[in-house]
1. Would a scan of segment 321-330 turn up a residue that is part of a helix (DSSP H, G or I) and of a type outside the set (Lys, Arg)?
2. Of these, ILE74, ILE107, which one is of a type in the set (Val, Ile, Thr), farther than 30 Å from VAL161 by Cβ and touching a residue at least 24 places away in the same chain (Cβ under 8 Å)?
3. Kindly provide the set of residues from segment 262-290 that are aliphatic (A, V, I, L, M), surrounded by 15 or more Cβ atoms within 10 Å (Cβ to Cβ) and at pLDDT 85 or above, ordered by number.
4. PHE325 - would you say it is within 40 Å of the chain's Cα centre (by Cα) and in contact (Cβ under 8 Å) with a residue 24 or more places away in the chain?
5. Determine whether LEU357 is out of contact with any strand residue (DSSP E or B) (no Cβ under 6 Å at 6 or more places or on another chain) and under 19 Å from PHE265 (Cβ atoms).
6. Of everything in segment 331-352, what is open to solvent by 70 Å² or more (accessible area, probe 1.4 Å) and either in a loop (DSSP other than H, G, I, E, B) or in contact with a strand residue (DSSP E or B) (Cβ under 8 Å, 6 or more places away or on another chain) (or both)? Give them in sequence order.
7. Within segment 207-226, work out how many residues are at negative phi and assigned to a loop (DSSP other than H, G, I, E, B).
8. Under 9 Å between Cβ atoms, at least 6 apart or on separate chains: pull out the pairs that start in segment 294-309 with a residue that is farther than 15 Å from PHE330 by Cα and end on any residue that is among the small types (Gly, Ala, Ser) and not in a helix (DSSP H, G or I).
Amino acid sequence: MTATNRHASTAATPKTPARPANSRVQHGQAACAEYGCRREECLQARRYKQKLNKLLRQTGRPGLVDSHRAATHITKFRAANIQDKDIIKKMGVARNTFYRAMRGLPISRGVEQRILAVPAPQPVTEVAIVVKVSATATHRRLQALLWKGWPLSVLEQRLGVHVGWIGRSMRQRKTVTAVMEARVAALYDELWKVDPEQAGVHAGVCRSTREAALRNGFHGPGAWDDDTIGDPKAVPYSMDGEGFAEEAAKPLHEADVDQVVVARFVEGFRLEQFTDAEFLTAVRQCAAAGMACPDIDMLRGWAKKTTENRLNRLRKQYERAGWAFPDIGFAKAPAFTEQQVVDIRERSAAGTPDVQLAVAFDVTRETIRSIVRGQRYAQYGGPIRVARSAKSLKASREYMCGHAANAQAALNQNTMEVAA
């Protein structure tokens, strides 16, 4: 072969395209072989794709088709107020392919079949999205479903809204869109006769949801007629005789709990769900075993002060309901005499570490620190530890970088010169 022929054959060889940095192509796909992969599974996929395209051409069925049918099908999802990212996830197509179809560009036959295989949602009542209506009926329907035991997470998922939308809407919004009112009404008609436990929702979560709904004064589905549910002046019917209302009206420490869940909590096993009553019972058992809130956080693998914050929330719920919060049984720090407080502060000022003082007096280091800082027993004497004050930016730079005569580097240099 001459040099000219060799150069000509080299120029005729197609260049392998570079794989993009954000490529999601995996092994076993034809595109992976087109990027230069030589695995047998990738080469086999490319050979199959080539044979399929050849067969489609011979039979008059091109591999690329017009995207009109796919775009029309996608429009039905958008008309149901479903966001594009959720549509892409449902159909299992790439984001670029999705918008390629919406722009009217050709797409592969396989992508078209994948899009058309996803059933379109039920159409919502034809109302304008921008129309605002009173939120009274929407909020009462949602409160009735919460009263039934349907948790917020399930309702938000079924409505297709983001996490926290229902709670924020009931607290802040006085109006909602007509589309949202229609969606909530359709969900209410579907769920108000269904017990969430029968639909697979955890029984403990349902009970906690009902307790919270009763504490907030929500009413069940039987309290409203379809004609009056949207009237702000309408008075709900009496809800006497409902099965769980009397049970949920009891304080948490008197409610029935699952002792198996409590035992697994105390032993440190992982739990997906547990009610406030089960949490309170388990914490009391942990306190009886000599554990404090930080010990429970460590046992459960929780973040710092998780147990303390949840207990404070339950304590506020008891106060709002007019109940006396039960004694958890945590060991209280011993009371110190004036002489002991002065002794602790003098020993700390002399250089004794806080850990050593905590061991000597059988308390936590936080207790010692609060005493020597004067936060506790401020009426007693003894030297108070002064809080550290940060140096100014200029002073810190001068000290650390050696830009002044009193800098650390300058002092070290002076010491070396004197020694020499």
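The values are calculated or read from the model by the stated rules, or taken from the named source; none is laboratory data. Model, not experiment: these values are computed from the prediction. With ideal geometry, Cβ positions are generated from the backbone for all residues, glycine too; neighbour counts draw on all protein chains shown. When the accessible area is computed, the model is the full protein with side chains, heavy atoms only, and any ligands, DNA or RNA have been set aside. Shrake-Rupley method; radii C 1.70, N 1.55, O 1.52, S 1.80 Å.
1. Looking for residues that are part of a helix (DSSP H, G or I) and of a type outside the set (Lys, Arg), one finds at least one in segment 321-330, hence yes.
2. Answer to the selection: ILE107.
3. Of everything in segment 262-290, those that are aliphatic (A, V, I, L, M), surrounded by 15 or more Cβ atoms within 10 Å (Cβ to Cβ) and at pLDDT 85 or above turn out to be VAL262, VAL266, LEU280, ALA282, VAL283, ALA287.
4. No.
5. Spelling it out, it is not the case that LEU357 is out of contact with any strand residue (DSSP E or B) (no Cβ under 6 Å at 6 or more places or on another chain) and under 19 Å from PHE265 (Cβ atoms).
6. Correct list: ALA331, LYS332, ALA335, THR337, ALA350.
7. 7
8. Sorted first by the residue in segment 294-309, then by its partner, the pairs are LEU299/GLY268; ARG300/GLY268; GLY301/GLY268.
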